[in-house]
1. Got at least one residue in the range 126-147 being open to solvent by less than 60 Å² (accessible area, probe 1.4 Å), of a type in the set (Asp, Glu) and without any contact (Cβ under 8 Å) to a residue 60 or more places away in the chain?
2. Consider only pairs whose beta carbons are under 8 Å apart and that are at least six residues apart or on different chains; among these, list those whose first residue lies in the range 65-93 and is without any contact (Cβ under 8 Å) to a residue 60 or more places away in the chain and whose second residue is open to solvent by 80 Å² or more (accessible area, probe 1.4 Å) and part of a strand (DSSP E or B).
3. Modelled with pLDDT of 95 or more and either more than 23 Å from Arg40 (Cα to Cα) or open to solvent by 70 Å² or more (accessible area, probe 1.4 Å) (or both): is that true of Val213 in this structure?
4. When the residues of the range 80-125 are narrowed to those that are farther than 30 Å from Gln44 by Cβ and of a type in the set (Phe, Trp, Tyr), which ends up surrounded by the fewest Cβ atoms within 10 Å (Cβ to Cβ)?
5. So which residues in the range 121-164 are of a type in the set (Gly, Ala, Ser), under 16 Å from the mean Cα position of the chain (by Cα) and modelled with pLDDT under 95, if there are any at all?
6. Mind checking which residues of the range 150-162 are of a type in the set (Ser, Thr, Tyr) and surrounded by fewer than 16 Cβ atoms within 10 Å (Cβ to Cβ)?
7. Count, please, the residues in the range 121-161 that happen to be assigned to a strand (DSSP E or B) and among the β-branched types (Val, Ile, Thr).
8. I'm trying to understand the selection: among the residues of the range 164-199, which are open to solvent by 60 Å² or more (accessible area, probe 1.4 Å) and part of a strand (DSSP E or B)?
Amino acid sequence: WSQHVHPDTTAVEDSDSSYTVDTPCGARATFRLSVVMLGRSAVQGGCYEPGATAVGDVRPITVPRYFLGGHRYALTAKEITGPGLSPATWRYHYQSDIGFAPMANGTSRTRVLSPDGVLDTYTFGNTYSVDEGLLLTHTRTSNQQTVLSEAHTYATGTTTPGFPKLVGAHPDAYDRTPAAFLRPKLSTTAIQDGTVFRSTVNSVDGFGRPTSVTRSSAPQ
């Protein structure tokens, strides 16, 4: 199974459920939730392995040994209304590249469309046991023009001695990387208003904290 799920859109659609929060001044916030498919790429192993047997049933229940993907409730819209307020709606959309190995270097993306038309796109790594959950890029556009672009790198390979570093425990040894491994940030490159800003970590201590950082800026 290897696929790119969800069309890229930030349209407000029918939600599965919604919640409202009212304030004494009359303002109301409505949060809309929908089921979305989220997952990861480069997952090892086959799709299913034998699991438990249901009571009274001799057929084994098959479950994925390594988590591949699944449906989750996620925030898809936030609306604010009230006396003296212009109705404002924030729209959220999610995508994931989902697949078993050898599919690799997949990402999960979150898009946030603000009431003023500004669109923020956050791209997270989702490669199994490598960059799962790490923010890789953030792009902001306004009037179809890119006004901010950020890219981040982390200690996910062998280029930084001692990292990624096991610093915790997880009940499932097969799916523990995001929760149990320290993967410090190594660099950030941001482009804004025609200027390139760079921050590079030259060294870190045993806790992943930067001990030497080089920062610079230059015209794009």
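1. yes
2. Final answer for the pair search is Ile80/Arg28; Thr81/Arg28; Gly82/Arg28.
3. yes
4. Trp90
5. Ser129, Gly133
6. Thr158, Thr159
7. Count: 9.
8. Result: Lys165, Leu166, Lys185, Gln192, Phe197, Arg198.
The values are calculated or read from the model by the stated rules, or taken from the named source; none is laboratory data. Note that the coordinates shown come from a computational prediction; the quantities given were computed from them, not determined experimentally. Positions of Cβ are generated from backbone atoms using ideal geometry, with glycine treated the same way; all protein chains shown enter the neighbour counts. Surface accessibility is based on the protein's heavy atoms, side chains included, excluding ligands, DNA and RNA. Shrake-Rupley method; radii C 1.70, N 1.55, O 1.52, S 1.80 Å.
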